[in-house]
Amino acid sequence: MRTHHVILATAAAAATLLLSGCGTATSTTESDAKGKTVVDTAARPKSAPLAGTRWNVTGLLAGKAAASLPAGSGGKAYLVIGQDGTAHGNTGCNDFHTTAKTTGSTVQFGPIAATGASCTGPYADLDAAVTAVLSGPVTYGVQAGTLTLTGAEGKGLRATAE
């Protein structure tokens, strides 16, 4: 009987730690228009530095509305802002590099140099959206392992720390 109580107490403690996240992660998910889970953020860190983190693009922004990535294009686009004032990544179709100057909550991206792959379908849509966001000054915010970049017209992207 005593062994049974010890096992139950241990299981309850483990469940409490798992559900509370031990203060290191959130436990939300994001879904596409069909209700399918597209991102499980259970292992997402509560914070990550802007510079030096690989940011995987998970969504696009238009004003206050967020949208999933174009169907079939997920998992490839990412961004890394270096501490040396450079940035590189992939738009979902093309590798790129540029400069990135951070001042306060603004990042000013310089001209983008990208590979010249001919993108089609959802990859072309994602390539165009990511390139547009990175083609000038954006405001940024980092919260709960999520980076938000928003341009002057409200178009932007959301990315999670790897």
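Can you find even one residue in segment 66-73 that is assigned to a strand (DSSP E or B), out of contact with any Phe, Trp or Tyr (no Cβ under 6 Å at 6 or more places or on another chain), open to solvent by 30 Å² or more (accessible area, probe 1.4 Å) and not aliphatic (A, V, I, L, M)?
yes
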Checklist line | Selection from segment 144-154 of residues that are within 13 Å of W55 (Cα to Cα) and either free of Cβ contacts under 8 Å to residues at least 60 places away in the same chain or among the aliphatic types (A, V, I, L, M) (or both) | finding: A144, L147, L149
Item checked: Qualifying positions in segment 87-106 - in a loop (DSSP other than H, G, I, E, B) and open to solvent by 30 Å² or more (accessible area, probe 1.4 Å) -> G104, S105
Check: Residue check: is L157 out of contact with any Pro (no Cβ under 9 Å at 6 or more places or on another chain), over 18 Å from Q83 (Cα atoms) and either in contact (Cβ under 8 Å) with a residue 40 or more places away in the chain or open to solvent by less than 60 Å² (accessible area, probe 1.4 Å) (or both)?
Finding: yes
Item checked: Candidate set: segment 107-125, residues that are open to solvent by less than 50 Å² (accessible area, probe 1.4 Å) and in contact with a strand residue (DSSP E or B) (Cβ under 8 Å, 6 or more places away or on another chain); chosen: the one farthest from Q83 (Cα to Cα) -> A113
Next item on the list: For segment 24-44, indicate whether the set of residues that are within 13 Å of the chain's Cα centre (by Cα) and at pLDDT 95 or above is non-empty.
Entry: no
Check: In the set L126, L157, which member is part of a strand (DSSP E or B) and either on the phi > 0 side of the Ramachandran plot or aliphatic (A, V, I, L, M) (or both)?
Finding: L157
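The values are calculated or read from the model by the stated rules, or taken from the named source; none is laboratory data. Predicted, not measured: the structure shown is a model, and the values here were computed from it. Heads up, the Cβs are rebuilt from the backbone with ideal geometry, glycines too, and the neighbour counts pull from every protein chain shown. Just so you know, the surface numbers come from the protein's heavy atoms only, side chains and all, with ligands and any DNA or RNA stripped out. Shrake-Rupley method; radii C 1.70, N 1.55, O 1.52, S 1.80 Å.
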